[in-house]
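Engineer: Have a look at this one before I ask anything.
Quick note: the coordinates plus some simple rules give every number you see, no bench work behind them. Model, not experiment: these values are computed from the prediction. Cβ atoms come from the backbone with ideal geometry, glycine included; neighbour counts cover every protein chain shown.
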Amino acid sequence: MSNNKQQTFEKLVHAYSAELYRYAFWQCKNRELAEDMLQECFTRAWKALPKLEDENAARAWLYTILRREIARHFGRKSSAEVSLDELDIETIGNHYDCKVSDDINLRKAIDKIPHDYRDALMLQVLGGYSCEEIAKITGSKSGTIMTRVFRARQKLRQLLLSKSVSSANSQ
């Protein structure tokens, strides 16, 4: 079991460490802290690996561990505010059919979305999760997540189309 556990763990680290790091950095806004959070996430995952019954659920399980570690670090139930420094802005813009001439405008628009909506949106767009999976990760109901993602998309489109972001630039 030990060799199998090690192989399973190494496979999980290889498959998910880059995206989990990006998520941790996005939450913490600090490279060293994100690395520490990721290390703690994988330490906790190693210890709890025998409890993982379905390897197909490993990705969501790791995100849940990481979110809890970030929340523990910041001393609150919800995770830290989102930083958009290393997000794939082009992917997000293309996902919403928004032609954004300046990715700074998109970053500012995303920053203006309420945290709960933004978190659900980023998990869907960057993580590729379904609303049901996001609900499991966040401990929310699926309907709540569907509403949050829908409202986040509406707000993002509204902000990008209304030029409110560019007018904020000139102030």
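Engineer: What number, in percent, do you get for the relative contact order of region 2-74 if the mean sequence gap of Cα pairs under 8 Å and at least 6 apart is divided by its residue count? Intermediate values should be presented prior to the final figure.
Structural biologist: Details: 42 pairs, mean separation 25.6, N = 73.
Relative contact order for region 2-74 comes out at 35 percent.
Engineer: Based on other C-beta atoms within 10 Å, arrange HIS73, HIS14 from fewest to most. Write out the running numbers ahead of the final one.
Structural biologist: Working: HIS73 17, HIS14 9.
Fewest to most other Cβ atoms nearby, the residues stand as HIS14, HIS73.
Engineer: Let me ask something additional. Using the structure shown, select from LYS11/LYS47; LYS47/LYS136; LYS5/LYS29; LYS11/LYS136; LYS29/LYS141 the pairs with a Cα to Cα distance greater than 24 angstrom.
Structural biologist: Flagged as over cut-off: LYS5/LYS29; LYS29/LYS141.
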